[in-house]
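Engineer: My structure is below; once you've seen it, I'll send some questions.
Any read-out appearing in this document is the output of simple, stated calculations on the displayed coordinates, not a laboratory observation. Everything numeric here is computed off the predicted structure, so don't read it as measured data. FYI the Cβ positions are ideal-geometry reconstructions off the backbone, even for glycines, and counts take in every protein chain you see.
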Amino acid sequence: MKLFDVYPLIPINLVKANGCRLWDEQGQEYLDLYGGHAVISIGHSHPHYVQCITKQVEQLGFYSNSIQIPLQQALATKLAELSCLHEYQLFLVNSGAEANENALKMASFVTNKSGFIAFSGSFHGRTSAAVALTDNAKLVAPCNERDDFYILPLGDLDAVEKVLRTQPIAGILIEGIQGVGGIQVPESNFLLGLQKLAKSYGAKLILDEVQSGYGRTGRFFAHQWVDGLEPDLITIAKGMGNGFPIGGLLLSSDFKASYGLLGTTFGGNHLACAAGLAVLEVLEKEQLQIRALELGTKLMSELRTIPGITAVRGQGLMVGFDLNQDAAPIRSLLVSKHKIFTGSAAKKETIRLLPPLTVTWEELASFVSALKDVLNSHPH
Ligand SMILES: Cc1ncc(COP(=O)(O)O)c(C=O)c1O
């Protein structure tokens, strides 16, 4: 059977990983500044993580959600402790799109409205409602198209109010920091303005922290950089499992559960929770959130000095920068010549860095010299 082609692939067969390093079958080493798309939060094959998952699968890897799973409560308790969000309720799923889909469903359910607002540059996943709120028409099939979903310019509160005033809107969905959109950090006043508007028009504010959450920006959630912001719903995935598929929806205490409304076969299984718990323990013990802020700030100031870079954006270790040329050949040279993985973004000039939060300054500095070398040999 042939595989269905979904991504243009780098022809490298990775067989081993440790920390921020990857190895292919020829034993060639690579530096991972992409983290498998912001997924590898605590580093590849972290010993505590490996130990917790191994122990769990030996004991009990999976049983259905019809039986109590105490590990889910342990995960929720640790998550509340590290995020300082004690009043939310947690629903566990398997991916970011699924978390967003359930957030939209809950906002619609409690408001009894069906419209939603999202923003230019957004990416919320490829499932039905999430993709309809993603700013990429190429990903949307006719069955996903919705007349009452609006993608408005990021930062334009007037446009948001105009729609809220005239249409029945259940919720506003926004990324803590836009990832695929090229690391666009929303203004604090914009986020606070959305919260105010959502409250006055009876809509729910949903923060998609799938990429920007889990300590990457130096706060547990990117929106926590904004004082006074208290979303109704928060979605999480990616860094949550360090590679084990797990996602979640945080619901404010206003949401009341009713049996059967939300549900999942795999979400919150024993193995996923063991992985999720191990990630939080490492984040806490190794103070990775603090490191992310320190190293990210230092990296961004280095990047700002490099000729050929026209803009640097980000927070902590969620970094995007624009070149004065197409980024694709530069990223390819970084792989072929310097064995360094980076990420792309919607705009062709942008490079995204989403390294494991355990990355060292030496590793980031080696990237800075490699980038200088590649840009020198490939001037605009
Ligand atoms: C902000 C954001 N939301 C949602 C998703 C979808 O997550 P998943 O691929 O786990 O469904 C992504 C994936 O890139 C994302 O970056």
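Engineer: Where Rh denotes the Kirkwood radius from the mean inverse Cα pair distance, what is Rg over Rh for the stretch 195-270?
Structural biologist: 1.01
Engineer: Please identify, among PHE109, PHE91, PHE244, the residue showing maximal mean-square fluctuation in a Gaussian network model of the chain using a 10 angstrom Cα cutoff.
Structural biologist: Ranking PHE109, PHE91, PHE244 by mean-square fluctuation puts PHE109 first.
Engineer: What Rg and what Dmax come out for the stretch 290-332 when only alpha-carbon atoms are used, in angstroms?
Structural biologist: 11.1, 33
Engineer: Let me ask something else. Below 8 Å between Cα atoms, with a sequence gap of 6+, how large is the relative contact order for the stretch 47-285 in percent?
Structural biologist: 29 percent.
Engineer: To the nearest Å, what is the center-to-center distance of the stretch 78-116 and the stretch 198-232, using C-alpha atoms only?
Structural biologist: Here the answer is 12 Å between Cα centres.
Engineer: Hey, another quick one. Can you work out ³J(HN,Hα) from phi for every residue in the stretch 322-334, in order, using Karplus 6.51 cos²θ - 1.76 cosθ + 1.60 and θ = phi - 60°, giving whole Hz and x for Gly and Pro?
Structural biologist: 9, 9, 7, 7, 4, 7, 4, x, 5, 5, 5, 5, 4
Engineer: Net charge near LYS337: determine it from the other residues with C-beta under 12 Å of the C-beta of LYS337, scoring Lys and Arg +1 and Asp and Glu -1.
Structural biologist: So the surrounding residues net to +1.
Engineer: While we're looking at this one, here's another question. Full-extension gain between LYS16 and GLN28, please, as 0.36 nm times their residue separation minus the C-alpha to C-alpha distance.
Structural biologist: Extra length available between LYS16 and GLN28 comes to 3.3 nm.
Engineer: For the chain, set up a GNM with springs between Cα atoms under 10 Å and report which of HIS44, HIS86, HIS124 has the largest fluctuation.
Structural biologist: Of HIS44, HIS86, HIS124, the Gaussian network model singles out HIS86 as fluctuating most.
Engineer: When the chain is modelled as a GNM with alpha-carbon springs shorter than 10 Å, which of TYR63, TYR34, TYR49 fluctuates the most?
Structural biologist: TYR63
Engineer: Oh, and also: Could you work out how much longer the chain between GLU87 and HIS380 gets when fully extended? Use 0.36 nm per residue separation minus the Cα distance between them, nm to one decimal.
Structural biologist: 100.3 nm
Engineer: Just to be sure I understand the model, the point goes 7 Å from the Cα along the line to the Cβ. What's the resulting GLN73 to ASP326 distance in nm?
Structural biologist: Spacing of the two 7 Å Cα→Cβ label points: 5.7 nm.
Engineer: Multiplying the sequence separation of LYS138 and GLN167 by 0.36 nm and subtracting their Cα-Cα distance, what value in nm do you get?
Structural biologist: Extra length available between LYS138 and GLN167 comes to 7.8 nm.
Engineer: Can you give me the distance in nm between label points at VAL57 and ALA80, each placed 7 Å from the Cα along the Cα-to-Cβ direction?
Structural biologist: About 3.1 nm, to one decimal.
Engineer: Let me ask something additional. So what is the diffusion coefficient of the chain in µm² per second by Stokes-Einstein at 10 °C and 1.306 mPa s, using a Kirkwood Rh over Cα pairs?
Structural biologist: Reported coefficient: 74 µm²/s.
Engineer: Here is a follow-up. Give the lysines whose C-alpha is closer than 28 Å to that of LYS78, dropping any in the same chain fewer than 8 places away, or say none.
Structural biologist: LYS55, LYS105, LYS204, LYS238, LYS256, LYS285
Engineer: Quote the FRET efficiency, to the nearest 0.05, computed for LYS347 versus GLN287 with a Förster distance R0 of 56 Å and r equal to the Cβ-Cβ distance.
Structural biologist: That pair, LYS347 with GLN287, gives E of 0.95.
Engineer: According to the square roots a ≥ b ≥ c of the eigenvalues of the Cα gyration tensor, what is the shape class of the stretch 285-380, taking rounded for a/c under 1.5, prolate for a/b larger than b/c otherwise, and oblate for the remainder?
Structural biologist: Since a/c reaches 1.5 and a/b is larger than b/c, the shape of the stretch 285-380 is classed as prolate.
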